[in-house]
Amino acid sequence: MMKKFINDPSNLTQELLEGLALANKDIIELVRGNLVVNKKLKDADRVTVVTLGGTGHEPALQGFVGEGMADIAVCGDIFAAPGPESCIEALKLADRGKGVIFVVLNHAGDMLTANLTMKAAKKEGINVIKIVTQEDITTAPRAEANNRRGFVGCIPAYKIAGGAAAQGKSLEEVAAITQKFVDNMGAISVSLTGATHPVTGGDLAVLEDNEMGVGMGQHGEGGGYKIPMKTADETVALLMGELLKDLSITSGEKLMCVVNGCGATTLMEMLISYRAAVKYLEAKGIEVVANIVNELLTVQETGGYQLFVARMDDELLACWNEPCNTPYFKKC
Amino acid sequence: MVLNKKDFIQMLIGASDALDEKIDEFSEIDSKFGDGDHGVTVGRISKVIRAKAESSPEHETLSEIFEALGKDIMNVNGGSAGPLYGSIFEGFGEGLTGVREADEAAIKSMFTGALENIRLISNAQIGEKTMMDTLIPACEKAKSSTSPLPQLLLDIADAAFHGAEYSKQCQAKFGRARFHKEATIGTMDAGAYSLYCLIKGFSAAINQQ
């Protein structure tokens, strides 16, 4: 049975966006009902960053709008992409004369909307480059990346794009750096307990007490496999092994490592898992040069996390280290 | 028999009724291999259709009605169903360009328009467990049937039904369901089913008169 602090289920998105704006008055504003906009966008003399996606994944995506990351998040409804019209409005609003990076997660609805948006943007003469994030390694081999889902990687990708934009780089340069980053990302999920859909109350995924799901999607959809429960260290070893293999990462390389809690996994578990990840990598001579350990992209009260890594170099690290100020991620 | 604007308004209401009746079922089917909210999106689409049927100004042509609906449906913020249903309605509108009263040829053109328009955003084929399993046979039947109206609409709805039924035996190749691979065999595609209901609603509105 669904047990959540909500009102009318059909107003979830509107109410949560209003709440986000009220809680972060100096960082963001709500425009047209579903555009979460960086308050400093008006003064931006740089490339800007726009993204789109469903809600219900808080703090993603709209919680990462602000100076130094995304400038506008176009919000759909719970787990559902927005329509193209509001995306086109967002691109127009975002374009400060230096062009726009449009970050899109590889999910069917998001991609349909993004493709329709790109077509219309071309007609309108908006200078925009689309970057697709598709780092879930379990659904297809790297050679068929277009069959891979977008996971938490969109969020560090906003940071890389926003950082490159802040450095005054051109649209093509920001796009090339962001593309380099997304081409070198990998993520894999592990799930312990399912969640309920906040509108319908239906189950999103069902797992037995003694099993965990490896490689499930962020709406409880399939892919991957179920295995008996393991310890934190064993789980990280399993996931990290898959990630390193997929990205062909070897001793001496530098990585970003993100532990993204999916909603019901405690910060305690995330930290224990992050520790395991760093130790596992150190033992292989791989250095972690950037990290986030937190809830970034959740699926309601799903138990589990996404383990994410990305290959880093000096250029990416410089973008990563630029300051940013968003409701749920800050760097000074 | 020809179908005038009043008939088309009835068809839209019929479609909206047919969708509303199955909202929970759409979500339930979608919950098996998707995220369980197809009924939520279809409910919103149905509301848009009904609102248009009840408020279309007199000067609005058939083509304008469907094109406006296409645009509104595309922007219901409903994941992939929004753009897909939006494209179908836009296509219906394009197929009805210049038509004041629809004869058999106009209905054929209406369905052809839908298929051509959705092809701009989806390359799904029959057997890939999507709404195309319903749309393609329905459009083929519209083209090939020699029945006069209103039987023509019954023929199209019948083909749509068999298409939706056929989606049961297919393995998903698109959307979130594709990650469940062969486990999807045996369950109807939620989009194929909702599209069948919509087409059946069109037909029922005319054939019950």
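Derivation of every value follows stated rules applied to the coordinates shown; laboratory data play no part. None of these values were measured; they are calculated from a predicted model. No Cβ is skipped: glycine too gets one built from the backbone with ideal geometry, and neighbour counts run over all protein chains shown.
Residue B:84: of a type outside the set (D, E, K, R), over 23 Å from residue A:198 (Cα atoms) and more than 14 Å from chain A (Cβ to nearest Cβ), yes or no? Walk me through how you get there before you give the answer.
Working: of a type outside the set (D, E, K, R): yes; over 23 Å from residue A:198 (Cα atoms): yes; more than 14 Å from chain A (Cβ to nearest Cβ): no.
No.
Quick one: in the stretch A:157-208, which of the residues that are surrounded by fewer than 22 Cβ atoms within 10 Å (Cβ to Cβ) and among the hydroxyl-bearing types (Ser, Thr, Tyr) is farthest from the chain's Cα centre (by Cα)?
In this case the residue turns out to be A:170.
Conditions tested, residue by residue: (1) farther than 25 Å from residue B:131 by Cα; (2) of a type in the set (S, T, N, Q).
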{"site": "A:50", "(1), (2)": "yes, no"}
{"site": "A:54", "(1), (2)": "no, no"}
{"site": "A:58", "(1), (2)": "yes, no"}
{"site": "A:76", "(1), (2)": "no, no"}
{"site": "A:101", "(1), (2)": "yes, no"}
{"site": "A:107", "(1), (2)": "no, no"}
{"site": "A:112", "(1), (2)": "no, no"}
{"site": "A:123", "(1), (2)": "yes, no"}
{"site": "A:127", "(1), (2)": "yes, yes"}
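Got a number for residues in the stretch B:87-112 being within 14 Å of chain A (Cβ to nearest Cβ) and touching a residue at least 60 places away in the same chain (Cβ under 8 Å)?
The number of residues fulfilling the criteria is 1.
Collect the residues in the stretch A:218-249 that are in contact (Cβ under 8 Å) with a residue 12 or more places away in the chain, polar (S, T, N, Q) and more than 14 Å from every other protein chain (Cβ to nearest Cβ), keeping them in residue-number order.
A:235
Quick one: in the stretch A:37-87, which of the residues that are assigned to a loop (DSSP other than H, G, I, E, B) and among the aliphatic types (A, V, I, L, M) is farthest from residue A:203 (Cα to Cα)? Reasoning before the result, please.
Kept after step one, since they are assigned to a loop (DSSP other than H, G, I, E, B), are these residues of the stretch A:37-87: A:39-40, A:44-47, A:56-61, A:66, A:68-69, A:71, A:79, A:81-83.
Filter again for among the aliphatic types (A, V, I, L, M), leaving A:44, A:47, A:60-61, A:69, A:81.
On the way: A:44: 43, A:47: 41, A:60: 21, A:61: 23, A:69: 33, A:81: 20 Å.
It comes out as A:44.
All but one of (1) surrounded by 23 or more Cβ atoms within 10 Å (Cβ to Cβ); (2) more than 14 Å from every other protein chain (Cβ to nearest Cβ) hold for residue B:38; state the number of the condition that does not hold.
In the conditions (1) surrounded by 23 or more Cβ atoms within 10 Å (Cβ to Cβ); (2) more than 14 Å from every other protein chain (Cβ to nearest Cβ), residue B:38 misses (2) alone.
So, in the stretch A:98-124, how many residues would count as being under 17 Å from residue A:172 (Cβ atoms), free of Cβ contacts under 8 Å to residues at least 40 places away in the same chain and surrounded by fewer than 19 Cβ atoms within 10 Å (Cβ to Cβ)?
Quick first cut of the stretch A:98-124, residues under 17 Å from residue A:172 (Cβ atoms) only: A:98-103, A:118, A:121-122.
Still in the list and also free of Cβ contacts under 8 Å to residues at least 40 places away in the same chain: A:118, A:121-122.
Imposing the further condition that a residue be surrounded by fewer than 19 Cβ atoms within 10 Å (Cβ to Cβ) reduces the set to A:122.
Qualifying residue count, the stretch A:98-124: 1.
For the stretch A:125-147, which residues satisfy the criterion of being charged (D, E, K, R) and either in a helix (DSSP H, G or I) or surrounded by fewer than 24 Cβ atoms within 10 Å (Cβ to Cβ) (or both)?
First pass over the stretch A:125-147, keeping only residues charged (D, E, K, R): A:130, A:135-136, A:142, A:144.
Result: A:130, A:142, A:144.
When you go through B:115, B:154, B:120, B:149 one by one, which is the residue that is more than 12 Å from chain A (Cβ to nearest Cβ), part of a loop (DSSP other than H, G, I, E, B), surrounded by fewer than 24 Cβ atoms within 10 Å (Cβ to Cβ) and in contact (Cβ under 8 Å) with a residue 12 or more places away in the chain? Please lay out each step first, then the result.
Values: B:115 fails: part of a loop (DSSP other than H, G, I, E, B); B:154 fails: part of a loop (DSSP other than H, G, I, E, B); B:120 fails: more than 12 Å from chain A (Cβ to nearest Cβ).
Step by step, each of B:115, B:154, B:120, B:149 is checked, and only B:149 is more than 12 Å from chain A (Cβ to nearest Cβ), part of a loop (DSSP other than H, G, I, E, B), surrounded by fewer than 24 Cβ atoms within 10 Å (Cβ to Cβ) and in contact (Cβ under 8 Å) with a residue 12 or more places away in the chain.
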